[in-house]
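The values are calculated or read from the model by the stated rules, or taken from the named source; none is laboratory data. Fair warning: this is a prediction, and the values are worked out from it, not measured in the lab. Using ideal geometry, Cβ is built from the backbone for each residue, glycine included, and neighbour counts are taken over all protein chains shown. Accessible surface areas use protein heavy atoms only, side chains included; no ligands, DNA or RNA. Shrake-Rupley method; radii C 1.70, N 1.55, O 1.52, S 1.80 Å.
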Amino acid sequence: MAAIIDGKAISLQIKDELKEKAAALKAAGTNVTLAVIQVGSNPASCVYVRNKKKGCEYIGIGSLSYELPEETTQEELLTLIEELNARVDVNGILVQLPLPTHIDEDTVIRAIDPKKDVDGFHPQSVGALCIGQPGFVSCTPAGIIQLLKRSGIEIAGKECVVLGRSNIVGKPMALLLLRENATVTIAHSKTKDLKEVTKRADILIVAVGRPKLVTRDYVKEGAVVIDVGINRDENNKMCGDVDFDDVAPVCNAITPVPGGVGPMTIAMLLNNCIESVKLQG
Ligand code: NAD
């Protein structure tokens, strides 16, 4: 049976380290502050925003909350971002996605000062990641690297397959694994002989948004399986993209859903807030 990679415990360890860093910065006169903007009241976004603010409180940094009505115009949102870009007492700016359809997400992401882009979605942050320069890294893939390292799983030289090629998970994940000297394959919905490709993986990372798509016939015996998916199954129970009960007996280590990758995303957002001080320095 596989070892269960406990994202809850590892994220708590990281948050406790960040608490110390936040206290040291405070003692040196820097009060780190994250501005969180939400437009409308998408229920999932409300939960995420609440958890992000709770995370700030836990590590002892400030958070400013902007809960804007659904009918907020793009101009109004861009004006707020400009104000926050200019404020020296704001270190990070996060716009909770998805935005209402009348607002163009790309325009909004590009409006955030890359030095305050704690989600790591700005094209400049993505470009910096691509060529190995300093910049913010998208939180979920950064969290997965931490999960692997802190579980003692070697990445260098390993055959890694990333299933999914989204801008916020799949692509930055592949770049981070490459930075860690893995041999990386990205597979997606158009990949031929998908199972043959995923079966090559020593480390298989799944981010497709399809409940329990990955069964044991996608997995090499003894592989490490990281499940990014957050879905609901037929009984409305939270589940991942991996069929945990089917895959766990054949792999070496696996992340559960919930309690695997999910908690790491917020921990890495908080890490980016602390790191922002260096980037702004
Ligand atoms: P997305 O919809 O943007 O991308 C999905 C990717 O999967 C696409 O690249 C597509 O090519 C690929 N794909 C879809 N169906 C496939 C199939 N049948 N076979 C092979 N490839 C297929 O999704 P995303 O934003 O990357 O999110 C993926 C999942 O991760 C979702 O369940 C999402 O909720 C979850 N997620 C979790 C966190 C977290 O903090 N744990 C963060 C972000 C996303």
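Some notes on this structure:
- Peptides 133-143, 64-74 ordered by average Cβ neighbours within 10 Å, highest first: 133-143, 64-74
- Apolar share of the accessible surface for segment 29-115: 51 percent from carbon plus sulfur atoms, 1.4 Å probe.
- Pairs from Lys149/Lys212; Lys21/Lys199; Lys115/Lys195; Lys115/Lys158 whose Cα-Cα separation, in the structure shown, is over 31 Å: Lys21/Lys199; Lys115/Lys195; Lys115/Lys158
- Separation between Cα centres of segment 1-19 and segment 51-104, rounded to whole Å: 27
- Heavy-atom accessible area per residue - segment 29-115, 1.4 Å, Å²: 50
- Inter-label distance, Arg87 to Arg50: 2.3 nm, where each label sits 7 Å from its Cα along the C-beta direction.
- Pairwise label distance in nanometres, Gln280 with Glu159, each label 7 Å out on the Cα-Cβ vector: 4.6
- For the chain, alpha-carbon Rg over 2.2 N^0.38 Å: 1.01
- Asp233 paired with Glu67, simple spin-label distance in nm, labels 7 Å along Cα-to-beta-carbon: 3.4
- Straight-line reach from Lys278: taking Cα to Cα under 17 Å and skipping same-chain neighbours fewer than 8 places apart, the aspartates and glutamates in range are Glu17, Glu20, Asp89, Asp113, Asp117, Asp119.
- Ranked by the mean number of other Cβ atoms within 10 Å per residue, highest first, peptides 11-19, 103-111 order as 11-19, 103-111.
- Per residue, in Å², the accessible surface of segment 139-262 once ligands and nucleic acids are set aside, probe 1.4 Å: 46
- For the chain, the share of DSSP beta bridges that are antiparallel, to the nearest 5, is 5%.
- FRET efficiency, Ser189 to Glu57 (Cβ-Cβ, R0 51 Å, nearest 0.05): 0.80
- Extension gain from Gln13 to Asp245, taking 0.36 nm per residue of separation minus the Cα-Cα distance: 80.8 nm
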